[in-house]
Amino acid sequence: QVRLVESGGGLVQPGGSLRLSCVASGTIISFTTMAWYRQAPGNERELVARVTSAGSTTYVDSVKGRFTISRDTAINRLYLQMNNLKPEDTAVYYCNRADTWYPWGQGTQVTVSS
């Protein structure tokens, strides 16, 4: 069974940075398109970044130029480097496939506030 575990969130001031990590077990992340999602209170879950099996990346407009999705295939980890964070980035962040979802992990809380 596939298990996804996210970590790296926290409280950060506007303009700060965080690096999120996703450990995947039971699957090989480089074989599929993986993505980072986020869900703020009262909002639907939103896909913010994805990386294909070929390594191509795409981002939602609101994070372009600030977030970078990457992966380490040797240790089967997915990352999201988040720079110049804004209060509107506050959400619980999740990793998963970009299409047919695995069971969701617990997510990691990111709070951007002064």
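Read the figures in this text as sums done on the coordinates, not as results from a lab. It should be emphasised that the depicted structure is a prediction, and the values quoted were computed from it without experimental measurement. FYI the Cβ positions are ideal-geometry reconstructions off the backbone, even for glycines, and counts take in every protein chain you see.
Side notes on the structure shown:
- Cβ-Cβ contacts under 8 Å between residues 6 or more apart (or on different chains), taken from a first residue in segment 94-114 that is closer than 16 Å to Ala49 by Cα to a second residue that is charged (D, E, K, R) and part of a strand (DSSP E or B), are listed as Tyr94/Glu6; Tyr94/Arg38; Cys95/Glu6; Ala98/Arg50; Gly107/Glu6; Thr108/Glu6; Val110/Arg38.
- Annotation for segment 83-91: at least one member residue is assigned to a loop (DSSP other than H, G, I, E, B), surrounded by 17 or more Cβ atoms within 10 Å (Cβ to Cβ) and of a type in the set (S, T, N, Q).
- Taken together, the residues in segment 33-44 that are over 16 Å from Tyr59 (Cβ atoms), of a type outside the set (A, V, I, L, M, F, W, C) and either out of contact with any Lys or Arg (no Cβ under 9 Å at 6 or more places or on another chain) or surrounded by 17 or more Cβ atoms within 10 Å (Cβ to Cβ) (or both) amount to 4.
- Residue count, segment 56-67 (criterion: charged (D, E, K, R) and either in a loop (DSSP other than H, G, I, E, B) or surrounded by 11 or more Cβ atoms within 10 Å (Cβ to Cβ) (or both)): 2
- The residues on offer are Ser70, Ser53, and the sole one that is on the phi < 0 side of the Ramachandran plot, of a type in the set (Gly, Ala, Ser), within 11 Å of the chain's Cα centre (by Cα) and surrounded by fewer than 16 Cβ atoms within 10 Å (Cβ to Cβ) is Ser70.
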